[in-house]
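Student: Mind having a look at this structure? Questions to follow.
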Amino acid sequence: MLDERLVANLHVHALSRSEAHGGREPHVLFQASTIAALLEGAYEGDLTFSELAEHGDLGLGTLNGLDGEMIALDGRFYRAGVDGRVSEVSTAARTPFAVVVPFEAAVEVETAELDAALAGFPVCALRLDARFEWVRARSVPLQQPPYRPLAEVAAEQSEFEFRDVRGSLVGFQFPDYASGVEVVGRHLHFISDDRTRGGHVLGFSAREGLLQIDPAHDLHVELPPGVQLGEGHVDEAELARIEGGR
């Protein structure tokens with residue numbers, strides 16, 4: 001059941017693939033599938049990255065088969081593999097889960113401390129460009145059907161650390177009532193300035209940086225076959241362990 005607060009505060013719209021060609025709208029998030037479906041092993045989506053690019057130039061997600069961590073930045077899509085190395089994603093590749101936005105920062109602040117700066121933005125996209133002392137990240141290996149739940153796959157993830165590196169964190173912040181649709185709290189991916197290293201962020205330390213915030217008021221969710229909005233159970237404690245690598 002979809003939380004009424006999410007519908008009231010974020011204006012959630014469910015779309016079929018045939019409807020998912022509306023173009024870019026400022027401050028409108030576009031999402032392929034739901035986190036609940038991904039947790040249950042729905043690793044095959046019907047949306048190509050060419051189609052995804054119609055809706056945003058900044059975001060994150062993964063590729064079909066759970067093949068690495070996806071980072072979207074400045075209109076280009078990248079994949080971080082299990083060794084932390086980054087390659088560009090083919091426009092014909094498909095995604096089972098992704099979130100993008102045509103990024104337009106409403107707030108810019110010189111800081112690398114996210115907690116205080118993001119406190120007033122329950123739903124937003126963000127970008128932090130900084131010199132990082134370290135970034136701890138992860139990726140997962142390509143999966144083959146029959147697909148296992150994400151919790152089992154994440155137990156086999158590869159973790160790595162980047163030190164003294166300039167790069168960007170990109171991602172989103174969602175409130176607790178987005179549970180089942182999105183990752184509650186912050187979901188961040190990293191990519192280095194030279195576009196050679198990246199992954200799903202488990203932790204980081206940076207002393208300086210430029211934080212840009214794009215508050216969102218709408219969420220459009222494209223639902224692949226077999227996925228329904230508001231269906232599926234999410235164990236938030238388990239998801240927090242997956243997201244945090246614990």
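The values are calculated or read from the model by the stated rules, or taken from the named source; none is laboratory data. Keep in mind it's a predicted model, so treat the numbers as computed, not measured. Cβ atoms come from the backbone with ideal geometry, glycine included; neighbour counts cover every protein chain shown. All accessible areas refer to the heavy atoms of the entire protein, side chains included, with ligands and DNA or RNA removed. Shrake-Rupley method; radii C 1.70, N 1.55, O 1.52, S 1.80 Å.
Student: In region 51-65, which residue that is outside any loop (DSSP other than H, G, I, E, B) and in contact with a strand residue (DSSP E or B) (Cβ under 8 Å, 6 or more places away or on another chain) is surrounded by the fewest Cβ atoms within 10 Å (Cβ to Cβ)?
Tutor: 64
Student: So, one more: Could you pull out the residue among 47, 73 that is under 15 Å from the mean Cα position of the chain (by Cα) and at pLDDT 95 or above?
Tutor: 73
Student: Further, regarding this structure: Quickly run through region 162-203 and pick out the residues that are within 12 Å of residue 60 (Cβ to Cβ) and of a type in the set (Phe, Trp, Tyr).
Tutor: 172, 190
Student: Look through 125, 93, 98 and report the one residue that is open to solvent by less than 30 Å² (accessible area, probe 1.4 Å), under 19 Å from residue 181 (Cα atoms) and in contact with a helix residue (DSSP H, G or I) (Cβ under 8 Å, 6 or more places away or on another chain).
Tutor: Of the residues listed, the single one that is open to solvent by less than 30 Å² (accessible area, probe 1.4 Å), under 19 Å from residue 181 (Cα atoms) and in contact with a helix residue (DSSP H, G or I) (Cβ under 8 Å, 6 or more places away or on another chain) is 98.
Student: In region 20-44, what residues are at positive phi and either in a helix (DSSP H, G or I) or at pLDDT 95 or above (or both)?
Tutor: Residues satisfying the conditions are 33, 41.
Student: Answer yes if at least one residue in region 163-176 is modelled with pLDDT of 95 or more and basic (Lys, Arg), and no otherwise.
Tutor: Yes; the residues of region 163-176 include at least one that is modelled with pLDDT of 95 or more and basic (Lys, Arg).
Student: Kindly establish whether residue 13 is over 12 Å from the mean Cα position of the chain (by Cα), open to solvent by 20 Å² or more (accessible area, probe 1.4 Å) and either in contact (Cβ under 8 Å) with a residue 12 or more places away in the chain or closer than 17 Å to residue 225 by Cα (or both).
Tutor: Against the criterion (over 12 Å from the mean Cα position of the chain (by Cα), open to solvent by 20 Å² or more (accessible area, probe 1.4 Å) and either in contact (Cβ under 8 Å) with a residue 12 or more places away in the chain or closer than 17 Å to residue 225 by Cα (or both)), residue 13 qualifies.
Student: Here is a further query. Restricting attention to region 129-179, and to residues there that are assigned to a strand (DSSP E or B), open to solvent by 70 Å² or more (accessible area, probe 1.4 Å) and touching a residue at least 60 places away in the same chain (Cβ under 8 Å), which single residue is nearest to residue 111 (Cα to Cα)?
Tutor: Only one residue fits best here, namely 131.
Student: Hey, any hits in region 210-231 for a residue that's farther than 21 Å from residue 104 by Cβ, buried (at least 17 other Cβ atoms within 10 Å of the Cβ), modelled with pLDDT of 95 or more and touching a helix residue (DSSP H, G or I) at 6+ places or on another chain (Cβ under 9 Å)?
Tutor: The answer is no, given that none of the residues of region 210-231 is farther than 21 Å from residue 104 by Cβ, buried (at least 17 other Cβ atoms within 10 Å of the Cβ), modelled with pLDDT of 95 or more and touching a helix residue (DSSP H, G or I) at 6+ places or on another chain (Cβ under 9 Å).
Student: Scan region 81-101 for residues that are touching a residue at least 12 places away in the same chain (Cβ under 8 Å), outside any loop (DSSP other than H, G, I, E, B) and farther than 20 Å from residue 41 by Cα and jot them down.
Tutor: Listed by number, the residues that qualify are 85, 86, 88, 100, 101.
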